[in-house]
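The block underneath contains the structure these notes are about, expressed in structure tokens.
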Amino acid sequence: MTIRQRILRVLYPALMGVTKIFGKSRSIKPERDFPITEPGVPFYSLSATRNDGTEISFAGLKGIKVLLVNTASGCGYTGQYSELQKLYELYHERVIVLAFPSNDFKEQEKGSDAEIARFCKLNFGITFPLMKRSDVIKSAEQHPVYQWLTDAGKNGWCNQSPEWNFSKYLVNESGMLTHYFAPSVSPLSKVVKEAISG
């Protein structure tokens, strides 16, 4: 862990406190904020490549919730790796966490896939799947999974792009996108736990 990463890890609780005070911890739920329709493209038609090169077909995720998170090793929110791991351990029978490391925000994920995996394992004990480093914001190179997550025509209601690293999208057991959580929403927050338990 670099000196910068150590400093960010120490400052993470303060960052979360500040965002809570200033009301930056928001979530979007379609029943409340948007009408929801059947996805134009089935979630289970998607796939992604893990950072070790193996493919995950989302068809194999039927019957379990999926929390998709764009991550970075040099971000103020990097401490959420610990919280994502705890969430995964608490609810492993109900949800799988899929992390998509990305360098889309201020050069905060410069490492190779192997370096990212090593960082996550050594510093946070990550056991949930890490995908290959990907582009998550709208561009010609945007990962197909994030094309689905950020296009209402494909997912049924949501056009919200990741606001920053550690934006979270929850897909239910039937392949319907049900929630978007801003980066400042802790993975261990009541709203995330209720969405997974519900």
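The single condition from (1) under 16 Å from the mean Cα position of the chain (by Cα); (2) surrounded by fewer than 17 Cβ atoms within 10 Å (Cβ to Cβ) that GLU141 fails is (1). For the range 54-94, the set of residues classified as open to solvent by less than 20 Å² (accessible area, probe 1.4 Å) and of a type in the set (Val, Ile, Thr) consists of VAL66, VAL69, THR71, THR78, listed by residue number.
Evaluate the following for SER184: is it touching a Lys or Arg at 6+ places or on another chain (Cβ under 9 Å), crowded, with 21+ Cβ neighbours inside 10 Å and over 17 Å from ILE96 (Cα atoms)? So SER184 fits the description; yes.
Would a scan of the range 142-161 turn up a residue that is on the phi < 0 side of the Ramachandran plot and assigned to a strand (DSSP E or B)? Yes, the range 142-161 contains at least one residue that is on the phi < 0 side of the Ramachandran plot and assigned to a strand (DSSP E or B). Quick one: is SER161 more than 20 Å from ASP113 (Cβ to Cβ), of a type in the set (Ser, Thr, Tyr) and either in contact with a Phe, Trp or Tyr (Cβ under 9 Å, 6 or more places away or on another chain) or buried (at least 24 other Cβ atoms within 10 Å of the Cβ) (or both)? In short, yes. Taken as a whole, the range 124-137 holds no residue that is closer than 19 Å to SER186 by Cβ, in a loop (DSSP other than H, G, I, E, B) and without any contact (Cβ under 8 Å) to a residue 40 or more places away in the chain.
Residues checked against (1) in contact (Cβ under 8 Å) with a residue 60 or more places away in the chain; (2) over 20 Å from TYR81 (Cβ atoms); (3) of a type in the set (Ser, Thr, Tyr):
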{"site": "CYS158", "(1), (2), (3)": "yes, yes, no"}
{"site": "SER161", "(1), (2), (3)": "no, yes, yes"}
{"site": "SER167", "(1), (2), (3)": "yes, no, yes"}
{"site": "VAL171", "(1), (2), (3)": "yes, yes, no"}
{"site": "MET176", "(1), (2), (3)": "yes, yes, no"}
{"site": "PRO187", "(1), (2), (3)": "yes, no, no"}
{"site": "ILE196", "(1), (2), (3)": "yes, no, no"}
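The values are calculated or read from the model by the stated rules, or taken from the named source; none is laboratory data. Remember, predicted model here, so these are calculated numbers, not experimental data. Ideal geometry is used to build each Cβ from the backbone, glycine not excepted, and the neighbour counts take in all protein chains shown. Quick note on the areas: whole protein, heavy atoms, side chains included, nothing else; ligands and nucleic acids left out. Shrake-Rupley method; radii C 1.70, N 1.55, O 1.52, S 1.80 Å.
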